[in-house]
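A quick write-up on the structure given underneath.
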Amino acid sequence: MKLASFRQLPAGKFSITMPRTAKKSSSPRKSAPAGPQKTRLWLMFPPKLITTPVIWQLSQKYPVITNVRQASVTDEIGIVCLEMEGARADIKASIKWLEKMNINVEPVEINVIES
């Protein structure tokens, strides 16, 4: 940051030079698009989808970052705590796609899996 400079003029007067600053725009600023958001979900897979790479398919189909936080898989059911990061619209579309695949999707109520 530049500071003001002083110069002494004849007759005991001073000249002050202020640093230049960027001009403020007179037009109103457009709000920037919302940044990525994170959400954690519980996914409950039916038996017929346990061996299907659904989370990989999701990551190929939608521009979201997935992170498996916890998982438990048996022959009867698969339960996964999945963290998704991305634009809100992409996350919502991902959730709709998962539900269309007959995967039960529930939000994580309590944040017990903090890193």
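Give me a count of the residues in region 45-78 that are among the basic types (K, R) and either touching a Phe, Trp or Tyr at 6+ places or on another chain (Cβ under 7 Å) or closer than 19 Å to I95 by Cβ (or both). Counting residues in region 45-78 that are among the basic types (K, R) and either touching a Phe, Trp or Tyr at 6+ places or on another chain (Cβ under 7 Å) or closer than 19 Å to I95 by Cβ (or both) gives 2. Can you work out which of the residues in region 59-76 that are among the hydroxyl-bearing types (S, T, Y) and outside any strand (DSSP E or B) is nearest to N104 (Cα to Cα)? Step by step, filter region 59-76, then rank; the result is T74. Scanning region 29-58 for residues that are in a helix (DSSP H, G or I), at pLDDT 95 or above and touching a strand residue (DSSP E or B) at 6+ places or on another chain (Cβ under 8 Å) returns V54, I55, L58. Can you find even one residue in region 81-99 that is among the aliphatic types (A, V, I, L, M), modelled with pLDDT of 95 or more and in a loop (DSSP other than H, G, I, E, B)? Within region 81-99, one or more residues are among the aliphatic types (A, V, I, L, M), modelled with pLDDT of 95 or more and in a loop (DSSP other than H, G, I, E, B).
The values are calculated or read from the model by the stated rules, or taken from the named source; none is laboratory data. All figures in this text were calculated on a predicted structure; none of them were measured in a lab. Heads up, the Cβs are rebuilt from the backbone with ideal geometry, glycines too, and the neighbour counts pull from every protein chain shown.
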